[in-house]
Amino acid sequence: MKRWTGAVMAILLSGVSIMFSGCDVGDVKQPEWLQQELCDHVFEEEVVREPTCKQAGSTLKTCALCGLEKTVRVPAKGHNVAAIEGVAPTCETDGWTAGSYCTVCEIVLVEPTLIPASGHVDGFGNDCVVCGERIWTDIY
Ligand SMILES: [Zn+2]
Ligand SMILES: [Zn+2]
Ligand SMILES: [Zn+2]
């Protein structure tokens with residue numbers, strides 16, 4: 001009687017250790033939750049929605065071994081900012097301030113502001129004190 005109990009215990013214990021070692025136990029089907037619990041997940045990724053500059057995307061990860069599925073949020077990429085170079089105004093031509101735009105969605109993020117031409121500055125002579133151009137010759 002005592003020996004018999006011992007044998008049953010041994011079988012039970014070996015069964016339990018097999019269950020928790022995650023070994024392939026042949027035809028014995030493990031419950032799905034346990035299979036997923038013990039699995040060394042090998043995820044295959046599938047893009048559900050590509051992230052854009054402003055919107056988050058998502059990727060579906062499916063374990064090739066146990067079939068566990070996870071949806072992972074992919075954060076928005078943010079704008080790919082490129083500078084719009086500013087141009088200094090001269091006496092006769094307008095300039096603009098520096099700005100920036102996104103190269104991906106091609107929208108202006110910081111709109112350059114127009115800087116109007118400053119106009120020639122009259123010095124004591126006939127020449128503009130800024131650009132040196134002769135201002136009054138044509139008039140007289
Ligand atoms: Zn898995
Ligand atoms: Zn963008
Ligand atoms: Zn000038």
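Values quoted throughout were computed directly from the atomic coordinates according to the rules given, and no laboratory measurement underlies them. Please read all numbers here as calculations on a predicted model, not as lab measurements. Cβ: placed from backbone, ideal geometry, glycine included. Neighbour counts: every protein chain shown.
Pairs of Cα atoms in segment 56-115 fall into 10 Å distance bins, from 0 up to the last occupied one, in shares of 20, 25, 19, 14, 11, 7, 3, 0 percent. As a proxy for reagent exposure, ranking 135, 115, 107 by other Cβ atoms within 10 Å from fewest up yields 107, 115, 135.
What does the net charge come to around residue 97 if you take all other residues with beta carbon closer than 11 Å to its beta carbon, with K and R at +1 and D and E at -1? Before the final figure, lay out each step's value.
On the way: positive: none; negative: 85, 111.
Net charge around residue 97: -2.
Taking a point 7 angstrom from the Cα of residue 100 along the C-beta vector, which residues in segment 54-87 have backbone N less than 18 Å away? Those under the cut-off are 54-55, 76-87. Here residue 29 is the anchor, and the aspartates and glutamates within straight C-alpha reach of less than 17 Å, apart from those fewer than 8 places off in the same chain, are 37.
Taking 25 Å as R0, compute the FRET efficiency from the Cβ-Cβ separation of residue 87 and residue 55 and round it to 0.05. E between residue 87 and residue 55, to the nearest 0.05, is 0.15.
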